[in-house]
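The values are calculated or read from the model by the stated rules, or taken from the named source; none is laboratory data. Keep in mind that what you see is a predicted model, and the values were worked out from it rather than measured. Heads up, the Cβs are rebuilt from the backbone with ideal geometry, glycines too, and the neighbour counts pull from every protein chain shown. With ligands, DNA and RNA removed, areas are computed over all heavy atoms of the protein, side chains included. Shrake-Rupley method; radii C 1.70, N 1.55, O 1.52, S 1.80 Å.
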2 protein chains.
Amino acid sequence: MATLGDIGVSAAINLLTAFIFLLAFAILRLQPFNDRVYFSKWYLKGLRSSPTQAGAFVRKFVNLDYRSYLRFLNWIPESLKMPELELIDHAGLDSAVYLRIYLLGLKIFVPITFLAWSILVPVNWTNSTLDNVKLTNVTSSDIDKLSISNVPLGSNRFWTHIVLAYAFTFWTCYVLLKEYETVAFMRLHFISSEKRRPDQFTVLVRNVPPDPDESVSESVEHFFLVNHRDNYLTHQVVYNANKLAKLVKKMRRMQNWLDYYQLKYSRNSSRSPMIKIGFLGCWGERVDAIDHYTSKIEKLAKEIADEKARVRKDPKSIMPAAFVSFKTRWGAAVCAQTQQSRNPTLWLTEWAPEPRDVYWENLAIPYVQLTIRRLIMAVAFFFLTFFFMIPITFVQSLASIEGIEKAAPFLKPIIDRDFIKAFIQGFLPGIVLKLFLIFLPTILMIMSKFEGFNSMSSLERRVATRYYLFNLVNVFLGSIIAGTALDQLKTFLKQSANDYPKTIGVAIPMRATFFITYIMVDGWAGIAAEILMLKPLIIYHLKNFFLVKTEKDREEAMDPGSIGFNTGEPQIQLYFLLGLVYAAVTPMLIPFIIIFFGFAYVVFRHQIINVYNQEYESAAAFWPDVHGRVIAALVISQICLMGLLATKGAAQSTPFLIALPVLTLWFHSFCKARYEPAFVRYPLQEAMMKDTLDHAREPQFNLKAYLQNAYIHPIFKDDEDEDDEEFISKLENESVLVPTKRQSRRNTPAPSKISVGSSPSLPEAVVREYPEP
Amino acid sequence: MATLGDIGVSAAINLLTAFIFLLAFAILRLQPFNDRVYFSKWYLKGLRSSPTQAGAFVRKFVNLDYRSYLRFLNWIPESLKMPELELIDHAGLDSAVYLRIYLLGLKIFVPITFLAWSILVPVNWTNSTLDNVKLTNVTSSDIDKLSISNVPLGSNRFWTHIVLAYAFTFWTCYVLLKEYETVAFMRLHFISSEKRRPDQFTVLVRNVPPDPDESVSESVEHFFLVNHRDNYLTHQVVYNANKLAKLVKKMRRMQNWLDYYQLKYSRNSSRSPMIKIGFLGCWGERVDAIDHYTSKIEKLAKEIADEKARVRKDPKSIMPAAFVSFKTRWGAAVCAQTQQSRNPTLWLTEWAPEPRDVYWENLAIPYVQLTIRRLIMAVAFFFLTFFFMIPITFVQSLASIEGIEKAAPFLKPIIDRDFIKAFIQGFLPGIVLKLFLIFLPTILMIMSKFEGFNSMSSLERRVATRYYLFNLVNVFLGSIIAGTALDQLKTFLKQSANDYPKTIGVAIPMRATFFITYIMVDGWAGIAAEILMLKPLIIYHLKNFFLVKTEKDREEAMDPGSIGFNTGEPQIQLYFLLGLVYAAVTPMLIPFIIIFFGFAYVVFRHQIINVYNQEYESAAAFWPDVHGRVIAALVISQICLMGLLATKGAAQSTPFLIALPVLTLWFHSFCKARYEPAFVRYPLQEAMMKDTLDHAREPQFNLKAYLQNAYIHPIFKDDEDEDDEEFISKLENESVLVPTKRQSRRNTPAPSKISVGSSPSLPEAVVREYPEP
């Protein structure tokens, strides 16, 4: 078991790593030729242009101003300076609320730390159990002296831990309640203070029943004209453009290659670049690269045009789904929340996601198939979580010396060299596992896509949930019980239900030092690596060197990405879990978590302000998940404490601890009923108020023209560049009215238009009319 | 263990009991003076009047026509004759669907029996395990030879049981699916083919926020005028008339006593009846009874009038709830299904229950209190289920000889007599337990009322759920593990999760004979006693003798009651559970269950046609619960089989059996999503269609007048009899339009008005317009 000294050394190493990362970041970000990587958000918003257009050539790449290096930690106060409202305006509500998760961690754990250190640590420290044990040759460390392990069996001092467990639970619940309230309010305020957006008026209708006499479009129009007589405005059918999208993607790749060879040719025009057109460019006929790609692109362009025409004409390419728009927000809110037809699996309505949030491929899946897909994926995820080690072990055995020699005898002479042998034996199995873990989010995303969610935000939320469960079983439980998930499963199945908490509870104080190291490596150093953005930096410079010809190309070369809710949030949740579990057991651990939360908060605030660019805006729809997982962590911590105390001869305290999870779960169900509707439904009162306001402000607004083409497949949006009369005519209205449309970049959202404090007189008057306490 | 002979004797005894009950019933029902008890439904509908108005005096009481005795089993074909549509018309959809539960039992178990007897019984029988065991002096019976116990350890024959478990599961699911579909269709058809009913247009709004400037009524009107501008019609506030209801109830009791003494006096006018007015009428001053009660009633009448005036005037007696009515069914459907205000715990809307289904006392409970009440009741129910034996054991110890002697030493000489001693020792403990079980549904009903449900139907459904759980733990598991629920809990907590199914599975074949006896006593004889209706018969004759003066009194004296969903349905579910659990284990048991289902179907069909009178109509809202519990039984049966086979050395079959509950639960979630909305929501398409039809038929209908007073507290409905100008004026419209209003009886529903086959041309045209496959 590690002593305080070991922890100190480890902390020093990790702090040093983090410091090196930060230093590298501080230097790299000041170099003008990295500017686009570290300030990409500002470029996307058009608020920053390439630096030093004039000046020495060197200055274009290297910052020679020594003063700026002195202020290399400046980015920290800078990133904290922006007030939250401006942050929402700048980066959207999703990002602002994502930051609040870190703040939530600080709010929960700072008071808990004070309480734990001022009460629990003295109570634990002033025992001598471990000193006595030491005489019998069992090693124990100073950390354990501060933990619950130092309290003797059956001591009355355990009541302190129980009382504090109550205090921690109540405090956490209180903070969670306040936070849920705040976020729900922010969401409603964000939605209501936003400018007109197409998704406020639109409902996604799925499972339109086939009709022998009418097309999907007619059938939809007919149905809504009858059943939402006063509210229906227009609708857009959904085309099955999956094949088209594939072609366009292929063409874009070809275009990249063409650019690359043209650039190569322009730099060295002595000889035109040749390529082999066989498998992977390794063999086959040699042809002129530029000619080859030009002809290929021409062919693809024709194919695309044909496919486009086919999609528009062929009634089979129209999916049984449509985006139906209403005259008022009220009408849309009504349609989204009600059941339309006698058969509840037909005419399914739900709020339309934002146009850029739609996941188009999944819109046509029929209801029965959806439920079957869910079942399959649930079973698959179960096997993935508990049995993922089986295929990995198999691959690892293949990747061993004998395995490789068997599979490919001709490699034998190479493998038998000592250096390579050592490499294979030492690293390859680890790399196989690491590769799997790196690809895990991608695997989970594919699974979620297969399940048929129809917006990017819901896909990410689903992945986050599954990733969290995977981490819970394989990282948290896996580290505590020290075995694969499969072994754990066997252990648990063979134990009595009474013993589960004991098995986990007993192991918890013993694993404290391991988790402290984990927090430092995965948390501290990980976050520092995050800010350095090594991968995007390298990719940007590669692209910049090989592909970029114009300023517009450079713009496209930088892809800042988004926060990555699907992997980021489960990681934070692991820290919530560790913090809550160890709060009453080993208070030593919590300061490490507080440092993580504080540091991560600063880093991500900087990243959100300067780098990341959200692809969609779900208005913090993920908060119920965040809340639910903190509650889960709380319940797990309570059960662990129960098990631990049961083995500590404090069994008479169990009834007091059983009340805790019951109360916590009740609190959860209360919050769920009280706040979750704000994230799922849209209150009619709000809708009506906003409609009235809108109508008073712009009575002549042509909503139909505004909504006409809001929900067309992104593939067809490209048509603006071409001269496609049919579409251009429709889109002309739109390009005037939709400020989010930017021709230079796909996936670039417009800044959210929050009109805080605007409309001073009218809304107040309306609010006063329909009071709500 | 019982042999086939023992079972035969038991069956003979129970069949004889049942036969005696049936014979008694056959004789009693033919006596004219019992006519009102055995045909009360027809009296209530006004289709039968007191028999033999003319004729000999004796004939008025005794049927002397010997021919009618010869046809004493005639009621069976008679009760089966009425077609289902007529039954729905006669007794409502609730009753008709309730009967379908028994039919569902027959549909599931008749094919299962055939399959089990033709395949399983030969497979089990042709082993000789038990013959060999017999040699080692363990007794076993012929029944066990037919059961799975006769198959040797690790035999391949267990595959038959596994395949049949699959077959049983698929058959049960198929029947359940078809039945869910049918019932959902019947419900929608019932609702849509019904005549105009107030609850179709009305939504119950709760948690109206208090407003300092406006009364509740103004606030409601304001809110809905704004937020449902085009649809709002009118509303009725809810008065807190709980105190008033109590006074009226008291007055009614006094009136009964007065009637009793007046009747006594009229029969024997020589001396006026005297009573003591002290405690329980045992001591105190002697006064003239008639004078006493007359004065009391006068006083109460004044109090009631005062209270009525107070309730109407005092703004505090208006509860923050209201029944809001809309112009169209569409408007009501929209309001019931959507969220109204930003705060989802205010302005809660839900479909209004039928006026006679409303449970008025609970309408004012605020949201936060509701969630706390649910928590308290959940904990209380847990303790009730697992710890109910503790207070009972305590009372039993009090009820022992020593306990009584201690508590009341003066009774010692009486108790010490041998006869009384034997009685106390032998019967009292049993009676205490029996009394508890008799009062259990009442206790559960009080708990549900405390939870704050606001309709009688939801209260009954909740009680049914809890009663089922109680039975599952204390009857099913209690009989198998043979111990109190508390012991079971301890057993399970100490065992590993793997062992739960084994513990139950092993015991199951051994308890088969016990359950066969249980089915015969509780099922066969119990149902036969049901038809005899002993309790209502005795009460009716007592009332008839002591209280009845006029024909109207006699009408009121008979209270047929209703089916009693809260106790009846859990009982049926126990038989589903037994049948499914034993289907693959001891096929011997299922024929007994089939006899139960068949017999009970006939008896309840007779009762529903001739006796019971439903107090409300929920349009089969209970079916999702019924479906869910059969699924639960199916899963329990699969787990038991898994445990049993694991102990039989057929562990390799476990994976095949694990798939079964997974598939069953998936099937359940599919059905839930597919059919449950039909029981919770009201599709807009249906609403719109019905609105259009109504409008076409009666364009001039005054809906506002029709709905104005549909939802007034039943206490105020009595005012019709008095001359209360304010109310009469309002009610005049209503008494013309509401055919359900009958002055002679409270709680008497009007016959449901199904217009099957009416409106031949118009609806078809509309249906054709919005087709749905």
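Are any of the residues in the stretch A:226-236 within 14 Å of another protein chain (Cβ to nearest Cβ) and at positive phi? Checked against the condition, which is being within 14 Å of another protein chain (Cβ to nearest Cβ) and at positive phi, the stretch A:226-236 yields no hits at all. Among the residues of the stretch A:356-373, those that are in contact with a helix residue (DSSP H, G or I) (Cβ under 6 Å, 6 or more places away or on another chain) and part of a helix (DSSP H, G or I) comprise A:357, A:361, A:371, A:373.
Is it true that residue B:245 is over 26 Å from residue B:371 (Cα atoms), of a type in the set (Gly, Ala, Ser) and more than 14 Å from every other protein chain (Cβ to nearest Cβ)?
Judged against the criteria, residue B:245 is a match.
Suppose the filter is within 31 Å of the chain's Cα centre (by Cα) and either within 12 Å of chain B (Cβ to nearest Cβ) or surrounded by 18 or more Cβ atoms within 10 Å (Cβ to Cβ) (or both); does residue A:395 pass it? No: the conditions fail for residue A:395. Is it the case that the stretch B:229-252 has a residue that's aliphatic (A, V, I, L, M), open to solvent by less than 60 Å² (accessible area, probe 1.4 Å), touching an Asp or Glu at 6+ places or on another chain (Cβ under 7 Å) and in contact (Cβ under 8 Å) with a residue 60 or more places away in the chain? Looking through the stretch B:229-252, at least one residue is aliphatic (A, V, I, L, M), open to solvent by less than 60 Å² (accessible area, probe 1.4 Å), touching an Asp or Glu at 6+ places or on another chain (Cβ under 7 Å) and in contact (Cβ under 8 Å) with a residue 60 or more places away in the chain. Reported count of residues in the stretch B:578-608, each being of a type in the set (Val, Ile, Thr) and open to solvent by 10 Å² or more (accessible area, probe 1.4 Å), is 3.
Matching residues to (1) outside any helix (DSSP H, G or I); (2) buried (at least 20 other Cβ atoms within 10 Å of the Cβ):
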site	(1), (2)
A:524	no, yes
A:545	no, no
A:576	no, yes
A:620	yes, yes
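Out of curiosity, is residue A:56 over 30 Å from the mean Cα position of the chain (by Cα) and modelled with pLDDT under 80? Yes, satisfied. Just checking, does the stretch B:380-398 include any residue being modelled with pLDDT of 90 or more and aliphatic (A, V, I, L, M)? Checked the stretch B:380-398: at least one residue is modelled with pLDDT of 90 or more and aliphatic (A, V, I, L, M).
Looking across the stretch A:8-27, the residues that are among the aliphatic types (A, V, I, L, M) and open to solvent by 50 Å² or more (accessible area, probe 1.4 Å) come down to A:9, A:12, A:13, A:15, A:16, A:20, A:23, A:27. Could you list, in sequence order, the residues of the stretch B:175-228 that are among the aromatic types (Phe, Trp, Tyr) and open to solvent by 30 Å² or more (accessible area, probe 1.4 Å)? Once the filter is applied, which keeps residues that are among the aromatic types (Phe, Trp, Tyr) and open to solvent by 30 Å² or more (accessible area, probe 1.4 Å), the stretch B:175-228 yields only B:185. Within the stretch B:161-171, identify whether any single residue is in contact with a Pro (Cβ under 8 Å, 6 or more places away or on another chain), more than 25 Å from residue B:710 (Cβ to Cβ), at pLDDT 90 or above and of a type in the set (Phe, Trp, Tyr), and answer yes or no. Scanning the stretch B:161-171, I find at least one residue that is in contact with a Pro (Cβ under 8 Å, 6 or more places away or on another chain), more than 25 Å from residue B:710 (Cβ to Cβ), at pLDDT 90 or above and of a type in the set (Phe, Trp, Tyr), so the answer is yes. Can you tell me which residue within the stretch A:432-465, out of those that are loosely packed, with under 15 Cβ neighbours inside 10 Å and more than 27 Å from residue A:92 (Cβ to Cβ), is modelled with the highest pLDDT? Residue satisfying both the conditions and the ranking: A:439.
Determine whether the stretch B:629-642 contains at least one residue that is charged (D, E, K, R) and either open to solvent by 10 Å² or more (accessible area, probe 1.4 Å) or at positive phi (or both). Scanning the stretch B:629-642, I find at least one residue that is charged (D, E, K, R) and either open to solvent by 10 Å² or more (accessible area, probe 1.4 Å) or at positive phi (or both), so the answer is yes. Can you confirm whether residue B:349 is touching a helix residue (DSSP H, G or I) at 6+ places or on another chain (Cβ under 8 Å), within 14 Å of chain A (Cβ to nearest Cβ) and not in a loop (DSSP other than H, G, I, E, B)? Answer is yes for this residue.
Residue pairs whose Cβ atoms lie under 6 Å apart, separated by 6 or more positions or on different chains, with the first residue in the stretch B:670-688 and within 16 Å of residue B:179 (Cα to Cα) and the second open to solvent by 30 Å² or more (accessible area, probe 1.4 Å), do not occur. Counting only residues that are open to solvent by 10 Å² or more (accessible area, probe 1.4 Å) and touching a helix residue (DSSP H, G or I) at 6+ places or on another chain (Cβ under 9 Å), the stretch B:92-130 holds 18 of them. Under the condition of being under 27 Å from residue B:662 (Cα atoms), open to solvent by 60 Å² or more (accessible area, probe 1.4 Å) and touching an Asp or Glu at 6+ places or on another chain (Cβ under 8 Å), the residues counted in the stretch A:347-375 number 1. On the stretch given as the stretch B:320-334, residues that are open to solvent by less than 10 Å² (accessible area, probe 1.4 Å) and more than 8 Å from chain A (Cβ to nearest Cβ) total 9. Only one of the numbered conditions (1) of a type in the set (Asp, Glu); (2) under 17 Å from residue B:340 (Cα atoms); (3) away from chain A (no Cβ under 14 Å) is violated by residue B:221, and that is (3). Filtering the stretch A:635-666 to residues that are at pLDDT 90 or above and of a type outside the set (S, T, N, Q) leaves A:635, A:636, A:660, A:661, A:662, A:663, A:665, A:666.
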